[in-house]
1. Filter segment 123-140 down to residues that are part of a helix (DSSP H, G or I) and more than 15 Å from the chain's Cα centre (by Cα), then give me how many there are.
2. If I ask for residues that are touching a residue at least 40 places away in the same chain (Cβ under 8 Å) and in contact with a Leu (Cβ under 7 Å, 6 or more places away or on another chain), which ones from segment 126-145 would you list?
3. Identify, please: which residue in segment 171-192 is modelled with pLDDT under 85 and of a type in the set (D, E, K, R) and is, among those, surrounded by the fewest Cβ atoms within 10 Å (Cβ to Cβ)?
4. Among (1) surrounded by 11 or more Cβ atoms within 10 Å (Cβ to Cβ); (2) at pLDDT below 60; (3) not in a helix (DSSP H, G or I), there is one condition ALA112 misses while meeting the rest; what is its number?
5. Being assigned to a helix (DSSP H, G or I), open to solvent by 20 Å² or more (accessible area, probe 1.4 Å) and in contact with a helix residue (DSSP H, G or I) (Cβ under 9 Å, 6 or more places away or on another chain) is the filter here, so list the residues in segment 60-83 that pass it.
6. Scan segment 141-170 for residues that are open to solvent by less than 80 Å² (accessible area, probe 1.4 Å) and within 20 Å of CYS91 (Cβ to Cβ) and jot them down.
7. Pairs needed: first member in segment 35-57, at negative phi; second member anywhere, in a loop (DSSP other than H, G, I, E, B) and open to solvent by less than 10 Å² (accessible area, probe 1.4 Å); C-beta distance under 7 Å; at least 6 residues apart or different chains.
8. Can you go through ILE18, ILE30, ILE40 and tell me which one is under 30 Å from GLN95 (Cα atoms), of a type in the set (Val, Ile, Thr) and open to solvent by less than 60 Å² (accessible area, probe 1.4 Å)?
Amino acid sequence: MPEPPEAQSQQHSLLERIGAGDASAMKEAIHQFGGLVWHITRKYLRDRTAAEDTVQEIFTEIWQKAGRFEPSLSSPNTFVGMIARRRAIDCLRRQSRQPVFEPIDEAPLAAASSPSPANESVPGDPDAAMNALKELPDETRNLFELHFRLGLTHGEIAEKTGLPLGTVKTRLRRGLIALRDRMSARTPTIEPAS
């Protein structure tokens, strides 16, 4: 059902204000178009965390491109809907190109954290851990700092950084997997004495 003309006029004005850099208009746009954007995003993305991240990207793009809105070419809902659909499809394509990660088995990690006499310095080697940590992206290292050094919970990190909670959890998990892989690559294999 098409929007009434006065609603379209308000939405058009809203997009004009966003295009002019009015931050308060962006808050209104999130309220106005949030349902539409969420519906379109969830239609393409089943994973809630990916959908939340994509919604954030969509509103960032609306902020950047609202000045290009042309009412003679489309309605405000169509303009926003096209951005949402394109971003959701882009995310879906990225996901299809990413490798599938297997869940981390806790048993080997627990075993690796308690050093054996023959291999005492390798699993807990702080220098190797610091070197591996330096290879991670800055954003991951910052999350590690907040979580492991400052002891913030995932929710506190999300609140402090403005990232969605699912993004914080995903980045910490992927960072731990990457760190484990880097540490494994550096760990020499020690054959048991015969």
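1. Step one: list which residues in segment 123-140 are part of a helix (DSSP H, G or I), which gives 126-134, 138-140.
Right, trim to more than 15 Å from the chain's Cα centre (by Cα) and you get 126-134.
Counting residues in segment 123-140 that are part of a helix (DSSP H, G or I) and more than 15 Å from the chain's Cα centre (by Cα) gives 9.
2. ALA132, LEU133, LEU136
3. Applying the filter and picking the extreme gives GLU191.
4. Among (1) surrounded by 11 or more Cβ atoms within 10 Å (Cβ to Cβ); (2) at pLDDT below 60; (3) not in a helix (DSSP H, G or I), ALA112 violates only (3).
5. TRP63, LYS65, GLY67, ARG68, ASN77, PHE79
6. Answer for segment 141-170, where residues must be open to solvent by less than 80 Å² (accessible area, probe 1.4 Å) and within 20 Å of CYS91 (Cβ to Cβ): ALA158, GLY162, LEU163, PRO164, LEU165, GLY166, THR167, VAL168, THR170.
7. As it stands, the answer is ALA51/LEU45; THR54/LEU45, since those pairs meet every condition given.
8. So the residue among ILE18, ILE30, ILE40 that is under 30 Å from GLN95 (Cα atoms), of a type in the set (Val, Ile, Thr) and open to solvent by less than 60 Å² (accessible area, probe 1.4 Å) is ILE40.
The values are calculated or read from the model by the stated rules, or taken from the named source; none is laboratory data. These figures come from a predicted structure and were not determined experimentally. Glycine also receives a Cβ, built like all others from the backbone with ideal geometry; neighbour counts cover every protein chain displayed. To get the accessible areas, we keep the full protein, side chains included, count just its heavy atoms, and leave off ligands, DNA and RNA. Shrake-Rupley method; radii C 1.70, N 1.55, O 1.52, S 1.80 Å.
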